[in-house]
Amino acid sequence: MDMPGRNEGSQSFVDRPVSVSTAFEGSEDIAAARDLARSFLTDLQAVHGLTVSTYAEGMVQLVVSELVTNARKYAPGPCLLTLEIREGTVEVTVWDSEPCLPVAHAADPGRVGQHGLEIVVAVCRSFEMHREPVGKRITAAVVLADDAVGDEGGDQVC
């Protein structure tokens, strides 16, 4: 029987969950959330040898910033941010205490502000929202490598 923490060299990276989570309570924590995302992606490359494109680095930080900002702006109390590697993506999950699910507005280039959710949906491979017994959980998946999804011409599609 294998004990946790033993024989880790014999287990492939994809079989082990790699994630980080933290709770945030103030607006100053939005920068800390982006820093956590940047640090997580750096560790993926340095410690686990995973390829993370420059595009993915920027998009993960953008998604983290938008989702944590919305949670801090519209939900009372703390929010929980989790970053997890799953099937060639970074899943960005934010839980907050507000049970109302956000609604993405129709594209309107003349509208000032409130484009965050629209942007997140556009740059992610997948986007899900679920009500929880308390609050809601939003999960967005960003592709790690530029060539993970896209056409043969090299155009990026997330």
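Just so you know, all these numbers are worked out from the coordinates, no wet-lab data involved. This is a predicted model, so every value here is computed, not measured. Quick reminder, even Gly has a Cβ in these numbers, built from the backbone with ideal geometry, and neighbours come from all protein chains shown.
Here are the numbers for the structure shown:
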quantity: 5 angstrom amide H check on Val18, placed H, neighbours 5+ away; calculated: Ile85
quantity: Dipole magnitude (debye, nearest 20) for the stretch 18-115, charges at Cβ of Lys, Arg, Asp, Glu; calculated: 160
quantity: Fraction of alpha-carbon pairs over 28 Å apart in the stretch 16-158 - percent; calculated: 17
quantity: Ratio Rg/Rh [Cα only; Rh per Kirkwood] for the stretch 79-128; calculated: 1.01
quantity: Cα pair distances exceeding 16 angstrom across the stretch 22-63, given as percent; calculated: 38
quantity: Quarter of the Cα convex hull surface for the stretch 47-118, i.e. its orientation-mean projected area (nm²); calculated: 6.4
quantity: Gap separating the Cα centres of the stretch 101-133 and the stretch 78-98, nearest whole Å; calculated: 16
quantity: Estimated vicinal HN-Hα couplings, Hz - the stretch 49-59 in sequence order (Karplus 6.51, -1.76, 1.60; Gly, Pro = x); calculated: x, 7, 7, 10, 5, 4, 4, 4, 4, x, 5
